[in-house]
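The values are calculated or read from the model by the stated rules, or taken from the named source; none is laboratory data. Here the structure is a predicted model, which means the values were calculated and not measured. Here the Cβ positions follow ideal geometry from the backbone for every residue, glycine too, while neighbour counts run over all protein chains shown. For the accessible areas, the whole protein counts, side chains as well, though only heavy atoms, and no ligand, DNA or RNA atoms are used. Shrake-Rupley method; radii C 1.70, N 1.55, O 1.52, S 1.80 Å.
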Number of protein chains: 2
Amino acid sequence: MTGAGADAAERRFYLDDLHVGQRFASAAHAIDEAQIIAFAAQFDPQPFHLADEAARGTLFGGLAASGWHTAAITMRLLVGSLPIAGGIVGAGGEIAWPRPTRPGDVLQVESEIVEIAPSASRPDRGLVTLRSETRNQRGETLQTLTARLVVPRRP
Amino acid sequence: MTGAGADAAERRFYLDDLHVGQRFASAAHAIDEAQIIAFAAQFDPQPFHLADEAARGTLFGGLAASGWHTAAITMRLLVGSLPIAGGIVGAGGEIAWPRPTRPGDVLQVESEIVEIAPSASRPDRGLVTLRSETRNQRGETLQTLTARLVVPRRP
């Protein structure tokens, strides 16, 4: 494992420094009802994200975080654990939420580089495909994200 | 076009009410520097999302919103424009950010149903694939999202 908090401040990876199979583990983030409701009120104001009682009779069966909230927390955890030179710049990716994020969950992200492709048209950069799993304290996968990142080559 | 704000309060669509090619247009949301910085400080604290000056020397060339912020605003606009019975429940999807969201951009989302698949194992629901484009006031596409939504059948 590389990329824990302390490393991030010390060394940043260029495309040339990365390899397929390289893994990064994030710190943890505890999510609570107040965070879930605050995010939902601003960005995803649906009953199952706003109040536990209203969520009971829905598909979720109880208060659940917006998937975009899980994605945003995942990004926060990646910023602290993935020391890419020039920062984490995503071009896009595939996201899935196999189970809802609940109040009291403690989120942690494990990431692995699955592909590295130097750009043919832009010799100063390349595309890195990173697969990130966001899990809770029971090891249940809440989100999978396969992201395409723009990463600079070593100057 | 269906699904403007007023309709959403009046009628909600079950799987059986939807058809491929059906389109939905959202209201508009104006994003400014303060919103961009507030979201980034909480979820994506990287220099190009936090300060215009720091962003100048980066790939973005100036302050840009986190892609997850664009996604969250898109969700907010979908909630107001896509009147699905039971709410908008996403199982996942593909997202891309072909160009950055900038301060002063006015975001608007146009969505189209591209596939409807009743569930084989769960006769009370189905999966709807929705393609949403988030554009700014110049018609430039900032985000494309192809989402898989869980939609109940008419009881």
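In table form, for the structure just shown:
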quantity: All positions within region A:72-118 that are under 14 Å from A:R131 (Cα atoms), β-branched (V, I, T) and away from chain B (no Cβ under 14 Å); calculated: A:I113, A:V114, A:I116
quantity: Residues located in region A:119-139, provided they are loosely packed, with under 14 Cβ neighbours inside 10 Å and either closer than 26 Å to A:A27 by Cβ or more than 13 Å from chain B (Cβ to nearest Cβ) (or both); calculated: A:A120, A:S121, A:P123, A:Q137, A:R138, A:G139
quantity: Flag if A:L63 is in contact with a Pro (Cβ under 7 Å, 6 or more places away or on another chain), within 14 Å of chain B (Cβ to nearest Cβ) and not in a strand (DSSP E or B); calculated: yes
quantity: Condition broken by B:H19, with the remaining ones in (1) open to solvent by 70 Å² or more (accessible area, probe 1.4 Å); (2) part of a strand (DSSP E or B) satisfied; calculated: (2)
quantity: Among the candidates A:V109, A:V20, residue that is among the β-branched types (V, I, T) and more than 16 Å from the chain's Cα centre (by Cα); calculated: A:V20
quantity: Residue list for region B:34-59, restricted to those being within 19 Å of A:L149 (Cα to Cα), open to solvent by less than 40 Å² (accessible area, probe 1.4 Å), within 9 Å of chain A (Cβ to nearest Cβ) and hydrophobic (A, V, I, L, M, F, W, C); calculated: B:F43, B:F48
quantity: Selected residue [open to solvent by 10 Å² or more (accessible area, probe 1.4 Å), in a loop (DSSP other than H, G, I, E, B) and touching a helix residue (DSSP H, G or I) at 6+ places or on another chain (Cβ under 7 Å)] from A:P103, A:P98; calculated: A:P103
quantity: Residues that are without any contact (Cβ under 8 Å) to a residue 24 or more places away in the chain and farther than 28 Å from A:D17 by Cβ, drawn from region A:131-153; calculated: A:R138, A:G139
